Amino acid sequence: MTTDRATARAFVEQLFRLHHAEIYAYLAHMVREPETAADLAQETFVKAYRAFDTLEDPAHARAWLYQIAGRTALDELRRRRIVRFVPWTGESRGVAASAEETALQRRLSGDLERALAAIPARQRQAILLAELQELSGVELAQALGISHVAARALLTRARESLRQALAVEQAAAAERGSQRGSRTERSRDDR
């Protein structure tokens, strides 16, 4: 596009106003930590400003942002694999969940949240973009930086992985439920 920094700043500020909440929500589901997601959302828009010249078509800016956010999230997840253990110091951040975070947790909770966490990050990325953020097939391909056919194939694999992971989670939940039931019956019998 252009190398005019004032134009870039104005455009990215407009993108921030329009898409910050959805980028944050996407990142919160990817990394599963609200504070980290907030940092990554901010980093996404800083990267968008710096990479403004790579935006070929302003009409595809939303997909371009998701591409930046997705790569930023995957970088964070890779970094976490390298730094596996940080001892807990006993300190609490003391930050209450915002209304948005609470709504996000209610939207994807329990078995579904655990199943999403169990599938590979790239598949989770595709399913969140397609289902939660409602990106079209073309937008999904652009956001992932792959062809439309590859995006469809990845989404198909992601849905199947999620279906299998959800079945495992539901079976585990049923098992936990039956264990609770048998404990309740035993405690009644003891009386």
Segment 139-169, residues that are surrounded by fewer than 17 Cβ atoms within 10 Å (Cβ to Cβ) and touching a residue at least 12 places away in the same chain (Cβ under 8 Å): G145, R152, R157, R159, V168
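Please state which one of A99, A63, A59 is loosely packed, with under 11 Cβ neighbours inside 10 Å, modelled with pLDDT of 90 or more and either of a type in the set (G, A, S) or within 20 Å of M30 (Cβ to Cβ) (or both). First the steps, then the outcome.
Working: A99 fails: modelled with pLDDT of 90 or more; A63 fails: loosely packed, with under 11 Cβ neighbours inside 10 Å.
The unique qualifying residue is A59.
Yes or no, residue by residue, for (1) touching a strand residue (DSSP E or B) at 6+ places or on another chain (Cβ under 8 Å); (2) modelled with pLDDT under 50; (3) of a type in the set (A, V, I, L, M):
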| position | (1), (2), (3) |
| --- | --- |
| Q67 | no, no, no |
| D75 | no, no, no |
| R81 | no, no, no |
| V95 | no, yes, yes |
| A103 | no, yes, yes |
| A115 | no, no, yes |
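Can you work out which of the residues in segment 132-191 that are among the hydroxyl-bearing types (S, T, Y) and not in a helix (DSSP H, G or I) is modelled with the highest pLDDT? Step through it out loud before you land on a result.
Residues of segment 132-191 that are among the hydroxyl-bearing types (S, T, Y), as a first pass: 136, 147, 156, 161, 178, 182, 184, 187.
Of the ones still in play, those that are also not in a helix (DSSP H, G or I) are 136, 147.
Values: S136: 88, S147: 93.
That would be S147.
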First in segment 51-75 and assigned to a helix (DSSP H, G or I), second anywhere and surrounded by fewer than 18 Cβ atoms within 10 Å (Cβ to Cβ) and β-branched (V, I, T), Cβ under 7 Å, 6 or more apart: D53/T3
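The values are calculated or read from the model by the stated rules, or taken from the named source; none is laboratory data. None of these values were measured; they are calculated from a predicted model. Note: ideal-geometry Cβ built from the backbone for every residue, glycine included; neighbour counts use all protein chains shown.
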